[in-house]
Amino acid sequence: MSATGIGAAVRRKEDQRFITGKGHYTDDVSRPGQTFAYFVRSPHAHAKLHSIDVKAAAAMPGILAVLTGQDLAGDKIGNLICGWMIHSKDGSPMKMAPHPALAATKVCYVGDPVAVVIAETLAQAKDAAEKIAVDYEVLSAVTDPAKAKSAAQIHDVAPKNTIYEWHLGDSKATDAALAAAKHITRIDLTNNRLVPNAMEPRAALAEYDSGTDSLTLWNTSQNPHVARLVISAFVGMAPEHKLRVIAPDVGGGFGSKIFIYPEEVVCLWAARRVGRPVKWTSDRSEAFLADAHGRDHVTHAEMAFDGDGKITALKVKTIANLGGYMSTFSSSVPTYLYATLLSGQYAIPNIYCEVDAVYTNTVPVDAYRGAGRPEATFVVERLVEVGARELGLDPAELRKRNFIKSFPHQTPVIMAYDAGDYLASLKKAMELADVKGFGRRKRDAARHGKLRGLGYSTYIEACGIAPSQAVGSLGAGVGLWESAEVRVNPTGSVEVLTGCHQHGQGHETTFAQLVSERLGISIDQVSIVHGDTDKVQFGMGTYGSRSGAVGMSAIVKALDKVEAKAKKIAAHVMEAAEGDIEFRDGKFTVAGTDKSMAFGEVALAAYVGHKFPTQEIEPGLKEGAFYDPTNFTFPAGCHICEIEIDQETGETEVVSWTAVDDFGTLINPMIVEGQVHGGIAQGVGQAMIEQTVYDKDGQLLSGSYMDYAMPRAHNFPAFKVDTTETKCPSNPLGIKGCGEAGAIAAPAAVMNAITDALGTEKIEMPATSMAVWRALQTMNRNQVAAE
Amino acid sequence: MYAFKFERPTTVRQAVNLLAKNEEGKLLAGGHSLIPVMKLRLASPSVLIDLSKVEGLSGVEVTPRSVVIGAMTKHKDVANSKELQAVMPGLAAVPGSIGDPHVRQVGTIGGSLANNDPNADYPAATLGLGATIITSKRKIPADAYFKGMFETALEPDEIITKVSFPIAKKAAYQKFKHPASGFALVGVFVSKRGSEIRVAVTGAGANGVFRVPSFEEALKKRFSPKSLEGLTHTAAGLNSDIHASAEYRAHLIGVMARRAVAAANEKGGAED
Amino acid sequence: MLPVSMTVNGKAVTATVDPRTLLVQYLRDNLRLTGTHVGCDTSQCGACVVHVDGAARKSCTMFAWQAEGAKVTTIEGVANGEKLHPMQEAFREHHGLQCGYCTPGMIMSAIDMVNRKGNDLDDNTIRHELEGNLCRCTGYHNIVKAISAGARAMKG
């Protein structure tokens, strides 16, 4: 392993600009003559929109335009779309309602934009917005997915507010196995709704160039090419080649910046209308109302066991809230990203899952770190833990009995696991967490009036999203390959253009490590270029822990081509047979001789073109590649959480966290650990403090950091993080992906620990101090009643 | 934010005159309560009267019987005052629990008391010690000062200049933090000064800070957490929101009160 | 409109601004010092922390005119020329950042923490002192490590 190659904990190249304040985020970009957009948003969750009077606003100082949904329709700007078709059990397609970027006839959630003011200054835009009179006819609203079917219909296309009633698996076989079971564990779960809260609020800056009739959009996107495709092909803003999308430094995404949002569409449209650049930067309060939220499932699940504690069946019924409109990938999250992972790490012969997706009068719900997989893990891992308690078995033992032990393993829910060693990660985690010493720690805690609990989560996820044909057959509107281009410069330095996008993952370092390893050059000689549709060949962006497994695999393919061509050139220059050229440690050598050329010398030779036949071998050294994975990857691992509960107040503290994950090959263990830490924090946040609450009228009660509890440093102990390794066989580097694991594993580990300490399963996420206190009260009352 | 004018008086007299002249005027101290609501357009003062240049409003002065804190004294300066820590650590702990380090660099006691946020910490200490609020016009006993949520006895042209806290032999504050905002979900300040016992609660009451006579009576017999065992506070009239129901707040009042008494006994010397 | 003068990162600056202008807006929009960020509107996230006369302040919760005559230091001003401040170096060394958005505020807060609390900071102290700084990427683990190491390195 070289100092900067694969497996080295290289310090990040991108950090220099971030630690010196030289990062370049969307709101840091300013264009000459730029104007400011302010959105007028519906204060009602559900209302007919009768009219909007903009006259007074338009006459205010500094106002360039006040635009409404009627104007948008008049200019034939198309609707936003959901790009993944799901069919119901009965074969009918999902009920996708029109989603205009500015509502024209009705509003479907508090925050639904109805008009935009474009002004010389933001203060002027806000002043004018207050003069806009909107005539609403308020309708009754629904926010609870469990009540959506019986509520007032939100969209004409969707009777009973039902988008689809989908299923996966064998219903009959699963019911038969349940009927024959020795024991059935039943559970009702809420997977609580979350607000993503990347620290950089979303932003968009659009500029129109009338000379070339082209548009440029700077925005906070995890996938600028997909944004361009949707805004061009579906919204119809401009032909694809007349629209440039640049996503510069992006301050965190966690899924919420994958989607194509109304605001960026409106800024582009407005920039062309007013002939000046238009900038919009979300306030945090606005972000709570306008960013796609995550999770929001209500689930009933049953797990069947035989007499040996073997799982024989799993049956799951979930209602998924997709909000007021279908966001870009929303339909896929509670279906193919969820039910396909319900086998967990276990050999479960029969699985059947039904998912009803519903509209409610809430902001759209879409992928958030883990997207469907945390929800699946939560169902499986809660059931296994509760099952063990009911059967009187040690939860680790029950898991061991049911682990999949041979690979490949075909689950009953589509996925074919390719490699893993679940026992290894469980054992290592148990040692690291000192599970043996837990009894002593529990007694010690009791002496201080604390209840201590321990919870496991042996999770699995499907990453490396995704084989294009496979997802195509499941309804995806796009392929999920990745592209790469390796440009070798005459001096031997290298630029890698990737369709992935980094917003915290450290690609500028890890991707450079790959190049350094393969070409034997310093990582300082490598630049990673991403996030600009004018520079980079089409790419699919970064989400679903795909950049290593898919994006780096594309780079490997391009590097293979670079090496092959360089060998040909080196052979000519050194007057040897191509087959005799060996490439190692940055040197091309003629086998069995001392003749060699450094990589940089071959690069120069390639561009000079003096010493090889340019009719046969083109000059230059630049290769591109598209890589389409052949399977998903299956990161898996074991997280163990210990918590202590203050019995008087219900206050619960995470006192210990152990994570042992199998991500396959690690490119940079330092960065991998960082990804795990962040994921755990988000998962713990979900399990313990983050609650998104709408009142019955659809007003968001947790709409700022005054009410939405964000995890802070004092909410956590130091994490113990380690890995095991089984290589992923389906990609050249053996990478599985690490970006979401923590968020997938953590909620179940926390809730298993809390319910272990409490001795009751009757508590939902988030297990706030009040929720834990209430559970304790109920326990105490029951105890008194029993006595 | 709406447009405003600002003034920077250098004396209390000038500040009072500016307040009298501008009905929609607002005093600016640390600004961490006022500026955020102005940004959200929830407040629109016509004139901001910045008190930072007014002389003589800062400082912690310890006398044999009282601690006098200037209205513009920052939370960090009260928390870090060695003199105060020596005579009444329970009071010094209060500003140390407010907000975060950045807020404590600028937030002031006068600002906190004039604002009287129902979840703020200083009102509990002020009422819990029976302090006196000294203004540009008069002295107001704490019992007569707090008038409800964001309401005080201050007149429109009256400015807090200092707050005088009697030194209690035993005093402590226990705070159960709001998980999002860091304000008090429930905060209880207890004190024992001779035979006078006070228990003041913030964060819980729909009308802001209040005393708990039943707890005070019980503690008069014996200033010990044991005296409060079995006593409960009613949930009636308490706040209920997504973080804490009235019942939970009522329960926390009991827990925090017992813990505060225990802490007061620990820090303030032997139980007497 | 009114004139405001202060010293930012050692340089005297003067501008005419609307009284509503927050210090963070003045730094970002007028001086184009975009390293100071805005992550919330309720004064909680700490992405905007700068030093005003040596103390950490949330620049989103003070007006530019409140810094009249003050010495303001932003993330752009903490390095000594090419030589990074030990706290900046520690954040890189310990992977104390991912997306980088909260980082300037974290580093400014960390330096202030050391100025107030000294060079030997235990983890518990650091975690509680970070009450006013939110990060969504790192889970804080490496930020705590970075501040602990940076604090020691600041001893010089």
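The residues in segment A:608-664 that are part of a loop (DSSP other than H, G, I, E, B) and within 30 Å of A:Gln345 (Cβ to Cβ) can be counted, and the count is 8.
Of all residues in segment A:650-688, those being under 24 Å from C:Leu134 (Cβ atoms) and either of a type in the set (S, T, N, Q) or not assigned by TED's automatic domain parsing to the domain that holds A:Glu375 (or both) number 5. Set side by side, the residues A:Ala115, A:Ala146, A:Ala133, A:Ala128 differ, and just one is in the same structural domain as A:Ala45 (by TED's automatic domain parsing) and surrounded by fewer than 16 Cβ atoms within 10 Å (Cβ to Cβ), which is A:Ala133. Against the condition at pLDDT 95 or above, touching a Cys at 6+ places or on another chain (Cβ under 8 Å) and of a type outside the set (D, E, K, R), how does A:Thr340 come out, does it pass? So A:Thr340 does not fit the description; no. Here the condition is being over 23 Å from A:Pro490 (Cβ atoms) and either in the same structural domain as A:Ala605 (by TED's automatic domain parsing) or in contact with a helix residue (DSSP H, G or I) (Cβ under 8 Å, 6 or more places away or on another chain) (or both); of A:Ala571, A:Ala554, it holds for A:Ala554 alone. Taking segment A:495-548, which residues are outside any helix (DSSP H, G or I) and of a type in the set (D, E, K, R)? Matches in segment A:495-548: A:Glu495, A:Asp532, A:Asp534, A:Lys535, A:Arg546.
Within segment A:600-615, is even one residue within 30 Å of A:Gly544 (Cβ to Cβ) and either of a type outside the set (Phe, Trp, Tyr) or assigned by TED's automatic domain parsing to the domain that holds A:Ala745 (or both)? No, segment A:600-615 contains no residue that is within 30 Å of A:Gly544 (Cβ to Cβ) and either of a type outside the set (Phe, Trp, Tyr) or assigned by TED's automatic domain parsing to the domain that holds A:Ala745 (or both).
Restricting B:Lys162, B:Lys137 to residues that are away from every other protein chain (no Cβ under 14 Å) and farther than 24 Å from B:Arg104 by Cβ narrows the list to B:Lys137.
The sole residue among A:Ala247, A:Ala198, A:Ala233, A:Ala203 that is hydrophobic (A, V, I, L, M, F, W, C), on the phi < 0 side of the Ramachandran plot and free of Cβ contacts under 8 Å to residues at least 40 places away in the same chain is A:Ala233.
Within segment B:36-52, being within 11 Å of chain C (Cβ to nearest Cβ), within 22 Å of the chain's Cα centre (by Cα) and hydrophobic (A, V, I, L, M, F, W, C) holds for one residue alone: B:Val37. Of the helices (runs of 4 or more DSSP H) that lie entirely inside segment B:70-164, those containing 3 or more residues that are over 22 Å from B:Leu27 (Cα atoms) span B:82-87, B:89-96, B:122-129.
For A:Leu205, the requirement of being of a type outside the set (Asp, Glu) and away from chain C (no Cβ under 14 Å) is not met. The set of residues from segment A:460-515 being more than 30 Å from A:His677 (Cα to Cα) and either of a type in the set (D, E, K, R) or at pLDDT 95 or above (or both) comprises A:Glu485, A:Val486, A:Arg487, A:Val488, A:Asn489, A:Pro490, A:Thr491, A:Gly492, A:Ser493, A:Val494, A:Glu495. Of the numbered criteria (1) within 11 Å of chain C (Cβ to nearest Cβ); (2) modelled with pLDDT of 95 or more, the one B:Val60 fails is (1).
I'm checking my understanding of the structure. Among residues of segment C:11-46 that are in a loop (DSSP other than H, G, I, E, B) and basic (Lys, Arg), which one is nearest to the other protein chains (Cβ to nearest Cβ)? Result: C:Arg20. Suppose the filter is out of contact with any Leu (no Cβ under 8 Å at 6 or more places or on another chain) and either crowded, with 24+ Cβ neighbours inside 10 Å or of a type in the set (Val, Ile, Thr) (or both); does A:Thr185 pass it? Taking the combined requirement at face value, the residue does not satisfy it.
The residue list A:Val142, A:Val110, A:Val157 contains one member that is at pLDDT 95 or above and either in contact with a Leu (Cβ under 7 Å, 6 or more places away or on another chain) or part of a strand (DSSP E or B) (or both), which is A:Val110.
For B:Phe150, indicate whether it is among the aromatic types (Phe, Trp, Tyr) and touching a Pro at 6+ places or on another chain (Cβ under 8 Å). Spelling it out, B:Phe150 is indeed among the aromatic types (Phe, Trp, Tyr) and touching a Pro at 6+ places or on another chain (Cβ under 8 Å). Can you say whether A:Val298 is modelled with pLDDT of 95 or more, over 23 Å from A:His99 (Cβ atoms) and surrounded by fewer than 22 Cβ atoms within 10 Å (Cβ to Cβ), as far as the supplied structure shows? Against the criterion (modelled with pLDDT of 95 or more, over 23 Å from A:His99 (Cβ atoms) and surrounded by fewer than 22 Cβ atoms within 10 Å (Cβ to Cβ)), A:Val298 qualifies. Restricting to segment A:160-219, name every residue that is within 30 Å of A:Ala119 (Cα to Cα) and assigned to a loop (DSSP other than H, G, I, E, B). A:Val195, A:Pro196, A:Asn197, A:Ala198, A:Met199, A:Glu200, A:Pro201, A:Arg202, A:Ser210, A:Gly211, A:Thr212, A:Asp213, listed by residue number.
Listed here are the residues, each with its yes/no results for (1) out of contact with any Cys (no Cβ under 6 Å at 6 or more places or on another chain); (2) closer than 30 Å to A:Gly472 by Cβ; (3) within 14 Å of another protein chain (Cβ to nearest Cβ).
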| site | (1), (2), (3) |
| --- | --- |
| A:Lys22 | yes, no, yes |
| A:Asp75 | yes, no, no |
| A:Met94 | yes, yes, no |
| A:Ala115 | yes, no, no |
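Restricting attention to segment C:64-89 and to residues that are within 14 Å of chain A (Cβ to nearest Cβ) and in a strand (DSSP E or B), the residue that is surrounded by the most Cβ atoms within 10 Å (Cβ to Cβ) turns out to be C:Val72.
Against the conditions (1) of a type outside the set (A, V, I, L, M, F, W, C); (2) away from chain A (no Cβ under 14 Å); (3) in contact (Cβ under 8 Å) with a residue 24 or more places away in the chain; (4) closer than 19 Å to B:Ala168 by Cα, B:Arg258 satisfies every one except (2).
Among the conditions (1) part of a helix (DSSP H, G or I); (2) more than 14 Å from chain C (Cβ to nearest Cβ), A:Ala743 misses just one, which is (2). Total residues in segment A:134-147 satisfying the condition of being under 30 Å from A:Ile52 (Cα atoms), of a type outside the set (D, E, K, R) and in contact with an Asp or Glu (Cβ under 9 Å, 6 or more places away or on another chain): the figure is 5. Condition (residue is hydroxyl-bearing (Ser, Thr, Tyr) and more than 30 Å from C:Gly35 (Cβ to Cβ)) applied to segment A:229-238: is it met by at least one residue? Yes, segment A:229-238 contains at least one residue that is hydroxyl-bearing (Ser, Thr, Tyr) and more than 30 Å from C:Gly35 (Cβ to Cβ).
Residue pairs whose Cβ atoms lie under 9 Å apart, separated by 6 or more positions or on different chains, with the first residue in segment A:717-731 and within 14 Å of chain C (Cβ to nearest Cβ) and among the acidic types (Asp, Glu) and the second in a strand (DSSP E or B) and surrounded by 19 or more Cβ atoms within 10 Å (Cβ to Cβ), are A:Asp722/A:Thr658; A:Asp722/A:Ala659; A:Asp722/A:Val660; A:Asp722/A:Asp661.
Of the candidates A:Glu485, A:Glu431, the single residue that is among the charged types (D, E, K, R), surrounded by fewer than 18 Cβ atoms within 10 Å (Cβ to Cβ) and either over 30 Å from A:Ala757 (Cβ atoms) or in the same structural domain as A:Gln647 (by TED's automatic domain parsing) (or both) is A:Glu431.
The values are calculated or read from the model by the stated rules, or taken from the named source; none is laboratory data. Bear in mind the structure is a predicted one, so any value in this text is a computation, not a measurement. When we count neighbours, we look across all protein chains shown, and the Cβ atoms used for this are built from the backbone with ideal geometry, even at glycine.
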